[in-house]
Amino acid sequence: MTEIDIHSPLRPSVEDGLSTTRLSLNTATVRPQWNLRECVEGCMRHGFGGIAPWRDKIHEIGLEEATHIIKDSGLGVSGLCRGGWYTAEGALTDHVIDDNKRAVDEAVAIGADCLVMVVGGLPEGSRDIHGARNIVTEGLAQTLDYARSVDMPIAIEPLHPMYAADRACVNTLRQALDICDELGTGIGVAVDVYHVWWDPDLLPQLRRAGKERILAFHICDWLVPTRDLLTDRGMMGDGVVDLRGLRAAVEAQGFTGLNEVEIFSEHNWWTRDADEVMRTIADRGRAFC
């Protein structure tokens with residue numbers, strides 16, 4: 001199969017970079033600085049096209065108020081973070097299953113494009129990663145049964161292998177799509193460049209996913225050196241990821257959604273004025289994405 005030409009002159013929108021209307025703010029990017037209302041107001045002030053709340057921001061003010069704030073803003077909602085964690089509490093407890101059902105309901109209420117799943121790592125005391133992946137598949141199947149009934153797409157987010165033990169035992173796009181193949185309709189993937197940029201199998205797996213199963217696209221950068229594997233993500237343009245090339249590869253499959261900026265940055269961007277962060281995102285989107 002012919003490789004995607006990610007620098008094709010036939011893709012001027014990619015060559016031109018991202019306008020702010022193509023950006024969505026994942027609330028984790030300004031987690032310490034802003035509450036949900038401030039995040040929404042910041043997106044509107046800076047011309048962003050959308051927002052992607054984390055559930056903690058919704059729970060701080062309650063789902064009803066959060067829904068009003070988001071819907072009144074007119075912003076798109078590129079996703080809700082997050083469901084999953086199926087291997088917690090000894091795996092597939094009633095609490096875990098019920099919490100994922102609540103997450104689906106919250107995603108429906110705010111009009112999210114998808115519910116993003118961070119699936120969970122090894123159960124406590126376990127060394128059986130294959131067994132963990134079986135638990136995750138069963139948990140996703142149970143959540144998907146309910147999500148289909150309310151028309152909420154489920155997006156598996158494969159996480160970098162460094163998180164296999166404690167956060168997500170699904171670590172590549174291939175693994176995520178294998179689960180999607182097994183479970184059928186209503187489930188796809190969230191492609192986060194921080195987690196997948198390194199994968200030599202990435203482009204063929206994006207083709208395999210296609211338009212129907214690429215449900216979300218998350219951007220940031222990989223810093224060299226990285227001071228903390230969880231909370232030292234880079235602003236676009238500060239690291240080594242070919243962001244514009246990856247966006248071209250995703251859009252070549254027909255993805256037309258928002259580009260969701262998700263940056264955990266304990267030592268840098270979380271310490272800055274949030275409006276400065278938003279201005280920088282806008283500038284870097286145009287220059288590097």
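Can you name the residue in the range 72-104 that is touching a residue at least 12 places away in the same chain (Cβ under 8 Å) and among the hydroxyl-bearing types (Ser, Thr, Tyr) and, of all such residues, is surrounded by the fewest Cβ atoms within 10 Å (Cβ to Cβ)?
SER73
What number of residues in the range 125-184 are of a type in the set (Phe, Trp, Tyr) and open to solvent by 30 Å² or more (accessible area, probe 1.4 Å)?
1
If the Cβ limit is 8 Å and pairs must be 6+ apart or interchain, which residue in the range 46-71 that is touching a residue at least 40 places away in the same chain (Cβ under 8 Å) and in a loop (DSSP other than H, G, I, E, B) pairs with which residue that is open to solvent by 60 Å² or more (accessible area, probe 1.4 Å) and not hydrophobic (A, V, I, L, M, F, W, C)?
Short answer, once both residue conditions are applied: HIS46/ARG279; GLY47/THR21; PHE48/THR21; GLY49/THR21; GLY49/ARG22.
One residue is enough: does the range 113-132 have a residue meeting the conditions more than 28 Å from ALA274 (Cβ to Cβ), of a type in the set (D, E, K, R) and in contact with a strand residue (DSSP E or B) (Cβ under 8 Å, 6 or more places away or on another chain)?
Among the residues of the range 113-132, not one is more than 28 Å from ALA274 (Cβ to Cβ), of a type in the set (D, E, K, R) and in contact with a strand residue (DSSP E or B) (Cβ under 8 Å, 6 or more places away or on another chain), which makes the answer no.
From the list ARG227, ARG272, ARG244, ARG279, which residue is within 21 Å of LEU203 (Cα to Cα), open to solvent by 40 Å² or more (accessible area, probe 1.4 Å) and not aliphatic (A, V, I, L, M)?
Selected residue: ARG244, the only one of ARG227, ARG272, ARG244, ARG279 that is within 21 Å of LEU203 (Cα to Cα), open to solvent by 40 Å² or more (accessible area, probe 1.4 Å) and not aliphatic (A, V, I, L, M).
Suppose we filter THR143, THR137 for residues that are among the hydroxyl-bearing types (Ser, Thr, Tyr) and touching a strand residue (DSSP E or B) at 6+ places or on another chain (Cβ under 9 Å); which single one remains?
THR143
Can you find, within the range 68-115, the residue that is nearest to PRO53 (Cα to Cα) among those that are within 15 Å of the chain's Cα centre (by Cα) and charged (D, E, K, R)?
ARG82
Can you give me the number of residues within the range 35-46 that are touching a helix residue (DSSP H, G or I) at 6+ places or on another chain (Cβ under 7 Å) and open to solvent by 30 Å² or more (accessible area, probe 1.4 Å)?
Of the residues in the range 35-46, 4 are touching a helix residue (DSSP H, G or I) at 6+ places or on another chain (Cβ under 7 Å) and open to solvent by 30 Å² or more (accessible area, probe 1.4 Å).
The values are calculated or read from the model by the stated rules, or taken from the named source; none is laboratory data. Everything numeric here is computed off the predicted structure, so don't read it as measured data. Positions of Cβ are backbone-derived with ideal geometry, glycine not excepted, and every protein chain shown enters the neighbour counts. Note: accessible area is taken over every heavy atom of the protein model, side chains too, but ligands, DNA and RNA are not part of it. Shrake-Rupley method; radii C 1.70, N 1.55, O 1.52, S 1.80 Å.
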